[in-house]
Amino acid sequence: MNTPGAPVIAVDGVHKRYARLDVLRGVSFTVGAGDLFVLLGPNGAGKTTTVKILAGILRADRGTVRLFGEPMDPSRADLKRRVGYLPDDPSLYTKLRGREFIEFVAALYRAPVDGHRYGALTRRFELTDAMERPVETYSKGMRQKLLLMSILLRDCDLYILDEPLIGLDPRSISYLKQVLREETARGKSVVLCTHLLDLASSLATRIALIHGGVVRIAGDPAQLRSQAGCPHEATLEEVYLAVVGAAESGGPQAG
């Protein structure tokens, strides 16, 4: 159960170090119910490490991460059952048929498959004719769609998607955007990692721009412009370039 009034995600001062590299250096942000929150940044900014900590795959070295008002760490199977996590480098059991993979994931998370939703997703992702075929025969895009199906069928409270558009065709991208908007309208929360400005502009209710393991600015589009010192008519691309440019030049940084 959620603690009354608590955000769905609360990240405070999170640090993570690999060998001699500080990947995260005090990351902080919150995500509320119904938010479509985009973690935006260049390759190597710390996005994937952040969401692996959120999903309970990694443990932070310092700082706190709370999901649904509870501390998250790799031992919290109860919290993981409420989270649908799509990694940026997913693995599948390719000898299974598509339908068998869906059933396997559902059993793993104790989430019965809703037949109506299963049919709708297979049709809209154009996988109906492929579900009885082994996954090893699928293209990269088909495998991505199967993974997204396996997550969406669980009806999670929180979806954490790391670069979910990889391999998807334009129609599937459009459908996924529609589904994510529908989920947040139902009060579900979405955290989406990307370096694609168009995707962030078209979907996000709130954005955190991460660079060099630090959240430089965060908020809705108007707040981002203000924090970046950009005019109110500035595009997300202009805001992004201003903040990243200042960070890389060692100039003043938005907090």
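Which numbered condition in (1) assigned to a strand (DSSP E or B); (2) among the aromatic types (Phe, Trp, Tyr); (3) open to solvent by 10 Å² or more (accessible area, probe 1.4 Å) is the only one that TYR175 fails?
Of everything listed in (1) assigned to a strand (DSSP E or B); (2) among the aromatic types (Phe, Trp, Tyr); (3) open to solvent by 10 Å² or more (accessible area, probe 1.4 Å), TYR175 misses just condition (1).
Looking at the range 33-148, what helices (runs of 4 or more DSSP H) fall wholly within it and have at least 3 residues that are more than 25 Å from VAL23 (Cβ to Cβ) and either of a type outside the set (Lys, Arg) or modelled with pLDDT under 95 (or both)?
98-108, 115-124
So in the range 120-130, with the set limited to residues that are touching a helix residue (DSSP H, G or I) at 6+ places or on another chain (Cβ under 8 Å) and of a type outside the set (D, E, K, R), which one is surrounded by the most Cβ atoms within 10 Å (Cβ to Cβ)?
PHE125
Does the range 226-249 contain any residue that is at pLDDT below 90, more than 23 Å from THR48 (Cα to Cα) and open to solvent by 20 Å² or more (accessible area, probe 1.4 Å)?
yes
The values are calculated or read from the model by the stated rules, or taken from the named source; none is laboratory data. The structure presented is a predicted model; accordingly, all values stated were derived computationally and were not measured. Cβ: placed from backbone, ideal geometry, glycine included. Neighbour counts: every protein chain shown. The area values use the complete protein model at the heavy-atom level, side chains included, leaving out ligands, DNA and RNA. Shrake-Rupley method; radii C 1.70, N 1.55, O 1.52, S 1.80 Å.
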